[in-house]
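Engineer: Below are the structure tokens for one structure; questions will follow.
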Amino acid sequence: AEMTDEERAFQERIDRGEKIEPTDWMPEGYRKTLIRQIGQHAHSEIVGQLPEGNWITRAPTLERKAILLAKVQDEAGHGLYLYCAAETLGVSRDELIELLHAGKMKYSSIFNYPTLTWADIGAVGWLVDGAAIMNQVPLQRTSFGPYSRAMIRICKEESFHQRQGYDIMMKMAKGSEAQRRMAQDALNRFWYPSLMMFGPSDKDSVHSAQSMAWKIKINTNDELRQKFVDQTVPQAEYLGLTVPDENLRWNEEKGGYDFSEPDWSEFFEVLKGNGPCNRERMEARVTAWEDGAWVRDGLMAHADKRVAARTA
Ligand code: ACO
């Protein structure tokens with residue numbers, strides 16, 4: 001379709017590298033895409049607390065417990081900054097949460113996999129937060145101001161999360177034989193789901209072309225997946241662990257690894273709600289929301305009283 005003058009002027013601002021702010025004119029599609037992506041991102045941070053929260057009561061030492069608690073609280077904070085960024089686009093946090101609970105908005109596929117052992121907490125920090133950073137560092141340059149600014153702080157905290165995960169993996173991989181086996185098992189189970197975090201292959205990515213033209217996305221899904229593999233394989237080697245991929249080979253010509261694609265049919269099943277923990281995750285979120293109703297009611301009642309006192 002032909003661009004209108006407004007749309008053309010908007011695209012020129014994007015092309016010049018200007019940030020778009022909430023009160024600026026923007027095409028409806030730009031607004032909708034941002035609400036979808038930022039909302040989905042916020043939901044991922046919130047749902048992402050669940051697999052790790054599962055191990056707070058069972059962390060092996062007091063120090064590990066304190067670190068894990070801090071990290072899970074950081075994720076809650078990330079969710080809140082992102083909901084605030086989405087709210088600048090004219091949607092409320094409550095509306096977004098309702099859409100999530102009604103199954104009308106997504107959250108990252110990765111959080112539908114269980115954390116079965118302590119080594120999984122290492123693998124989540126190392127691989128899942130590693131993949132998250134790979135995706136989020138370029139988003140610091142995304143065209144929408146509030147989103148890009150939220151990303152700057154989130155990336156700093158995310159790199160601490162990744163380091164703590166790798167530190168757990170080092171302890172486990174260099175520990176007893178049983179610990180080393182747990183570390184390898186965690187890598188085996190989290191490798192492909194981590195690769196799926198970057199989204200479908202470029203040929204199946206419906207939003208990439210338009211999102212990149214608008215600089216909502218900076219890289220394609222496959223570009224970031226390749227960078228993640230190239231960064232992570234040497235880290236696995238340093239741990240003395242084996243990436244579960246027989247086709248993994250350094251390719252001198254492209255200056256990166258060749259690797260196997262994840263099983264995309266599994267990915268699309270997880271997106272449809274049929275992953276190992278989808279039902280459990282949604283139940284936990286809905287229950288938490290319902291259990292918190294009395295707090296929200298109390299806050300509203302208190303706010304009403306204050307307004308009444310001021311106008312009396
Ligand atoms: N999990 C769940 N859904 C996904 C995933 C995933 N890993 N990857 C893609 N999808 C969905 C897309 O949302 C889209 O569905 P929709 O149209 O119903 O929204 C569909 O699959 C097709 O994918 P794309 O066209 O490639 O979608 P998009 O351009 O949005 O790219 C991506 C997906 C890369 C995840 C992008 O949205 C993004 O960069 N988001 C911000 C980062 C983020 O959300 N991170 C969350 C995990 S990290 C963390 O929380 C610790």
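Engineer: For the pair Val307 and His101, what calculated FRET efficiency results from E = 1/(1 + (r/R0)^6), where r is the Cβ-Cβ distance and R0 = 35 Å, to the nearest 0.05? Let's see the in-between values first.
Structural biologist: Working: r = 29 Å, r/R0 = 0.84.
About 0.75, to the nearest 0.05.
Engineer: Starting from the 7 Å offset along Cα-to-Cβ, what nm value, one decimal, do you get for the label separation of Ser176 and Ala288?
Structural biologist: Between Ser176 and Ala288, the simple spin-label model gives 3.3 nm.
Engineer: Work out which GluC sites (Glu not before Pro) in the chain are exposed loop sites (DSSP not H, G, I, E or B, at most 10 other Cβ within 10 Å) and give the longest gap free of them. Walk me through the intermediate numbers first.
Structural biologist: Numbers: sites that count: Glu2, Glu246, Glu252, Glu253.
The reported range is 3-245.
Engineer: Would you check the accessible area of Val124, probe 1.4 Å, heavy atoms only, in square angstrom rounded to 10?
Structural biologist: Accessible area, nearest 10 Å²: 10 Å².
Engineer: Okay, next question. Projecting each Cα onto the charge dipole of region 199-302 (Lys/Arg +1, Asp/Glu -1 at the beta carbon, about the Cα centre), which of Gly292, Ala209, His302 comes out farthest on the positive side?
Structural biologist: Final value for the positive-end residue is His302.
Engineer: Could you work out how far the C-alpha centroid of region 82-124 sits from that of region 154-176, in angstrom?
Structural biologist: Rounded to whole Å, the Cα centres lie 22 Å apart.
Engineer: What is the set of long-range amide H partners of Gly256 at a cut-off below 5 Å, with H atoms built 1.01 Å from backbone N?
Structural biologist: Under 5 Å from the amide H of Gly256: Asn251.
Engineer: Here is a further query. Set the Förster radius R0 to 45 Å, insert the Cβ-Cβ distance between Leu299 and His207 as r into 1/(1 + (r/R0)^6), and round the FRET efficiency to 0.05.
Structural biologist: Numbers: r = 37 Å, r/R0 = 0.81.
With R0 = 45 Å, the Cβ-Cβ based efficiency is 0.80.
Engineer: What is the spin-label model distance, in nm, from Thr61 to Phe268 if the labels are put 7 Å beyond Cα along the C-beta direction?
Structural biologist: If labels sit at Thr61 and Phe268, their model points lie 4.7 nm apart.
Engineer: Moving on to the next point. Can you give the FRET efficiency to the nearest 0.05 for Trp250 and Gln140, using r as the Cβ-Cβ distance and R₀ = 25 Å?
Structural biologist: Details: r = 30 Å, r/R0 = 1.18.
E between Trp250 and Gln140, to the nearest 0.05, is 0.25.
Engineer: Hey, got a sec? Which trypsin sites (Lys or Arg not before Pro) in region 187-273 land in a DSSP loop and have at most 16 other Cβ atoms within 10 Å? Write out the running numbers ahead of the final one.
Structural biologist: Numbers: sites: Arg189, Lys203, Lys215, Lys217, Arg225, Lys227, Arg249, Lys254, Lys272; in loops: Lys215, Lys217, Lys254.
In loop regions of region 187-273 (DSSP not H, G, I, E or B), the sparsely surrounded trypsin sites (Lys or Arg not before Pro) are Lys254.
Engineer: Take each uninterrupted DSSP H stretch in the chain, measure its Cα extent along the helix axis, and return the ones at 24 Å or beyond whose mean Kyte-Doolittle hydropathy is at least 0.0. Please list the in-between numbers first.
Structural biologist: Values: long enough: 28-47 (28 Å, -0.68); 62-87 (38 Å, 0.11); 145-173 (41 Å, -0.64); 177-196 (30 Å, -0.80); 221-239 (27 Å, -1.02); 293-311 (27 Å, -0.34).
The qualifying helices are 62-87.
Engineer: For the chain, give the magnitude of the charge dipole about the Cα centre (Cβ charges: +1 Lys/Arg, -1 Asp/Glu; no others), in debye to the nearest 20.
Structural biologist: On the way: 39 positive and 47 negative charges, 199 e Å.
With only Lys, Arg, Asp and Glu charged at Cβ, the dipole is about 960 debye.
Engineer: Still on this structure, I have one more. How large is the dipole of region 131-190 about the Cα centre if only Lys and Arg carry +1 and Asp and Glu carry -1, each at its Cβ, rounded to the nearest 20 debye?
Structural biologist: On the way: 10 positive and 5 negative charges, 21 e Å.
So the magnitude is around 100 debye.
Engineer: Residues with amide H under 5 Å of Phe144's amide H, sequence separation 5 or more or different chain, H placed in the peptide plane at 1.01 Å from N; which?
Structural biologist: For Phe144, whose amide H was placed from the backbone, the distant partners under 5 Å are Ile20.
Engineer: By the scheme Lys and Arg +1, Asp and Glu -1, what is the net charge of all other residues having a beta-carbon under 14 Å from that of Thr287?
Structural biologist: -1
Engineer: Tell me the carbon and sulfur percent of the accessible area for region 1-146, rounded to whole percent, probe radius 1.4 Å.
Structural biologist: Solvent-exposed carbon and sulfur of region 1-146 make up 55 percent of the total.
Engineer: Accessible area of region 262-312 with a 1.4 Å probe: how many percent of it is carbon plus sulfur?
Structural biologist: On the way: 2250 of 3810 Å².
C and S atoms contribute 59 percent here.
Engineer: Longer than 23 Å from Cα to Cα, which of Lys19/Lys104; Lys171/Lys254; Lys65/Lys171; Lys203/Lys272; Lys65/Lys174; Lys65/Lys106 are they? Say none if no pair is. It would help to have the intermediate numbers written out before the result.
Structural biologist: Numbers: Lys19/Lys104 29 Å; Lys171/Lys254 34 Å; Lys65/Lys171 15 Å; Lys203/Lys272 20 Å; Lys65/Lys174 20 Å; Lys65/Lys106 30 Å.
Violating the 23 Å Cα-Cα cut-off are Lys19/Lys104; Lys171/Lys254; Lys65/Lys106.
Engineer: What number comes out for the charge environment of Gly39, summing +1 per Lys or Arg and -1 per Asp or Glu over other residues with Cβ under 13 Å away?
Structural biologist: On the way: positive: Arg31, Lys32, Arg36, Arg93, Lys104, Lys106; negative: Glu45, Glu87, Asp94, Glu95, Glu98.
Taking every Cβ under 13 Å from that of Gly39, the sum is +1.
Engineer: For the chain, what is the accessible area per residue in Å² when the probe is 1.4 Å? Spell out each step's value before the answer.
Structural biologist: Values: 15990 Å² over 312 residues.
Solvent-accessible surface per residue comes out at 51 Å².
The values are calculated or read from the model by the stated rules, or taken from the named source; none is laboratory data. Just so we're clear, the structure is a prediction, and the values are computed from it rather than from any experiment. Every residue, glycine among them, receives a Cβ derived from its backbone with ideal geometry; neighbour counts consider all protein chains shown. For the accessible areas, the whole protein counts, side chains as well, though only heavy atoms, and no ligand, DNA or RNA atoms are used. Shrake-Rupley method; radii C 1.70, N 1.55, O 1.52, S 1.80 Å.
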